[in-house]
Amino acid sequence: MRRGWKMALSGGLRCCRRVLSWVPVLVIVLVVLWSYYAYVFELCLVTVLSPAEKVIYLILYHAIFVFFAWTYWKSIFTLPQQPNQKFHLSYTDKERYENEERPEVQKQMLVDMAKKLPVYTRTGSGAVRFCDRCHLIKPDRCHHCSVCAMCVLKMDHHCPWVNNCIGFSNYKFFLQFLAYSVLYCLYIATTVFSYFIKYWRGELPSVRSKFHVLFLLFVACMFFVSLVILFGYHCWLVSRNKTTLEAFCTPVFTSGPEKNGFNLGFIKNIQQVFGDNKKFWLIPIGSSPGDGHSFPMRSMNESQNPLLANEEPWEDNEDDNQDYPEGSSSLAVETET
């Protein structure tokens, strides 16, 4: 009976957590819906008097709004990609691993299994990266998200504002969402500013639209500042071919820690996220190269390009098999082992 109550309570808590996790998304959606009403109806249709200005404002606004909403949708509903079956332990290997009590033998078992896989990163202690919850050997740049309760390929962070884990499958969409969000806020702020001044000086009648126009400028500027910082940070990460987790914890390869282990050069780094075809860079469709399980590495190119060997090595990082608390970065929420 007690066990049944505990299971019911645990299920209820998980259900509540899933419902509450959508609250940040709901807040963003409500703010966006209000901004749409305030801009389209209260500003363009009520406040702006010139027909030509109305048309221009509405066309440009809706063009930006479509891409903004499209990329936000893709960031939310593109499921994180998990490692394929060959990285999972077979039933026999899992039984052997769990029944083995000697840690050094367990480590050697993982080393033998990893020899058959394209895995080149290790934990801080040099061991094979293994997820004891998903029972798999982690591919390079893969981490376990404790919020999503699964391993995510090329995990960047878990973002509460999209209620999704940002990784290989949707990192491009997340970057596009940030870019179009910045453009959306900037466009609203610049077009609303002149009418904000007119209302402030009393050149326009004090009607209901005044509140919406004044508040619209304030909200657009507030979000613009925070989004520019976040977008700038992720642009820096893309230029170095790093994830948020790799920026905080240096990747460890079989040869040792290397902060620039995946840095292929500025252009190639961008192509690793957006693909080779530039016509797809601004459109939220999947174009990232590869399958998310393995990535080109700087160390493999050093013998061909001696200039790549001039970077300074980074300091050792802690063991990779740990949990990052939610909200450990002011720029992104991440939970990983």
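The values are calculated or read from the model by the stated rules, or taken from the named source; none is laboratory data. Fair warning: this is a prediction, and the values are worked out from it, not measured in the lab. Cβ sites come from the backbone with ideal geometry, for glycine too, and all protein chains shown count toward neighbours. What goes into the accessible areas is simple: the full protein's heavy atoms, side chains included, and nothing from ligands, DNA or RNA. Shrake-Rupley method; radii C 1.70, N 1.55, O 1.52, S 1.80 Å.
Scan region 102-119 and tell me whether some residue there is in contact with a Leu (Cβ under 6 Å, 6 or more places away or on another chain) and either more than 24 Å from residue 249 (Cβ to Cβ) or not charged (D, E, K, R) (or both).
No.
Within region 114-151, which residues are polar (S, T, N, Q) and under 15 Å from residue 261 (Cβ atoms)?
121, 123 - these are the residues of region 114-151 that are polar (S, T, N, Q) and under 15 Å from residue 261 (Cβ atoms).
I'd like to verify a number: residues in region 9-57 that are in contact (Cβ under 8 Å) with a residue 12 or more places away in the chain, over 16 Å from residue 216 (Cα atoms) and in a helix (DSSP H, G or I), how many?
The total comes to 2.
Being more than 20 Å from residue 173 (Cβ to Cβ), open to solvent by 70 Å² or more (accessible area, probe 1.4 Å) and in contact with an Asp or Glu (Cβ under 8 Å, 6 or more places away or on another chain) narrows it down to one residue among 201, 208; which is it?
Values: 201 fails: in contact with an Asp or Glu (Cβ under 8 Å, 6 or more places away or on another chain).
Result: 208 is the single residue among 201, 208 that is more than 20 Å from residue 173 (Cβ to Cβ), open to solvent by 70 Å² or more (accessible area, probe 1.4 Å) and in contact with an Asp or Glu (Cβ under 8 Å, 6 or more places away or on another chain).
Considering 231, 223, which residue is at pLDDT 95 or above and in contact with a Phe, Trp or Tyr (Cβ under 9 Å, 6 or more places away or on another chain)?
So the residue among 231, 223 that is at pLDDT 95 or above and in contact with a Phe, Trp or Tyr (Cβ under 9 Å, 6 or more places away or on another chain) is 223.
Go through 85, 81, 108 for me and flag whichever is farther than 23 Å from residue 290 by Cα and not basic (Lys, Arg). Spell out the reasoning first.
Working: 85 fails: farther than 23 Å from residue 290 by Cα; 81 fails: farther than 23 Å from residue 290 by Cα.
Within the list 85, 81, 108, the selection yields 108.
Conditions (1) in a helix (DSSP H, G or I); (2) at pLDDT 95 or above; (3) open to solvent by less than 60 Å² (accessible area, probe 1.4 Å), marked per residue:
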{"position": "269", "(1), (2), (3)": "yes, yes, yes"}
{"position": "273", "(1), (2), (3)": "yes, yes, yes"}
{"position": "279", "(1), (2), (3)": "yes, no, no"}
{"position": "286", "(1), (2), (3)": "no, no, no"}
{"position": "300", "(1), (2), (3)": "yes, no, no"}
{"position": "304", "(1), (2), (3)": "no, no, no"}
{"position": "307", "(1), (2), (3)": "yes, no, no"}
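Evaluate region 44-65: report whether one residue or more is among the hydroxyl-bearing types (Ser, Thr, Tyr) and open to solvent by 60 Å² or more (accessible area, probe 1.4 Å).
The answer is no; no qualifying residue exists.
Quick test for you: out of 78, 47, pick the one residue that is at pLDDT 95 or above and more than 19 Å from residue 183 (Cα to Cα). Quick ask: steps written out before the conclusion?
Working: 47 fails: at pLDDT 95 or above.
When all the criteria are applied, what remains is 78.
List the pairs whose first member sits in region 215-238 and is at negative phi, whose second member is open to solvent by 60 Å² or more (accessible area, probe 1.4 Å) and aromatic (Phe, Trp, Tyr), and whose Cβ atoms are under 7 Å apart, counting only residues at least 6 apart or on separate chains?
Listed by first residue and then by second, the contacts come to 217/193.
Which condition breaks for residue 218 when tested against (1) under 30 Å from residue 203 (Cβ atoms); (2) open to solvent by less than 50 Å² (accessible area, probe 1.4 Å)?
Tallying (1) under 30 Å from residue 203 (Cβ atoms); (2) open to solvent by less than 50 Å² (accessible area, probe 1.4 Å), residue 218 fails exactly one: (2).
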